[in-house]
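Novice: One structure, pasted below without further comment.
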Amino acid sequence: MLGKASEVNIAVVNDDTASILLLDNGQISRDLTASRLRARGYSVVTANCGEQALALAKAHRLDMVLLDAQMPEMDALQVLKSLRETRSMSLCPSS
């Protein structure tokens with residue numbers, strides 16, 4: 001299930017800024033990491049679950065994805081596999 005709209009946090013710094021999707025089910029670590037990235041000038045889109053991250057990845061042009069390795073429903077490897085399979089993320093490097 002996707003998180004509530006109030007849980008989606010998007011901050012755009014400028015058009016030349018790298019855009020990062022941050023997935024972490026822990027609100028404190030997600031907020032702290034996003035805050036630090038934004039302070040360094042990055043545009044950050046946050047998600048609290050794998051499904052929400054996949055939906056946001058389809059809706060935004062992203063330069064980087066940071067994933068929490070241990071998620072309750074969909075772990076980081078499952079999210080990464082799904083991202084690689086989507087057309088918008090077809091340029092993701094493979095391992």
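Novice: Considering only the range 53-73, state which residues are assigned to a helix (DSSP H, G or I) and within 13 Å of LEU23 (Cα to Cα).
Specialist: Passing the criteria: ALA53, LEU54, ALA55, LEU56, ALA57.
Novice: Within the range 39-58, track down each residue that is surrounded by fewer than 17 Cβ atoms within 10 Å (Cβ to Cβ) and at pLDDT 90 or above.
Specialist: Those that are surrounded by fewer than 17 Cβ atoms within 10 Å (Cβ to Cβ) and at pLDDT 90 or above: ALA39, ARG40, GLY41, GLU51, ALA55.
Novice: Considering only residues that are part of a helix (DSSP H, G or I) and polar (S, T, N, Q), look in the range 1-38 and name the one that is modelled with the lowest pLDDT.
Specialist: Across the range 1-38, the extreme among qualifying residues is SER6.
Novice: For SER88, are the conditions met, namely being modelled with pLDDT under 90, among the small types (Gly, Ala, Ser) and in a helix (DSSP H, G or I)?
Specialist: yes
The values are calculated or read from the model by the stated rules, or taken from the named source; none is laboratory data. Remember, predicted model here, so these are calculated numbers, not experimental data. Positions of Cβ are generated from backbone atoms using ideal geometry, with glycine treated the same way; all protein chains shown enter the neighbour counts.
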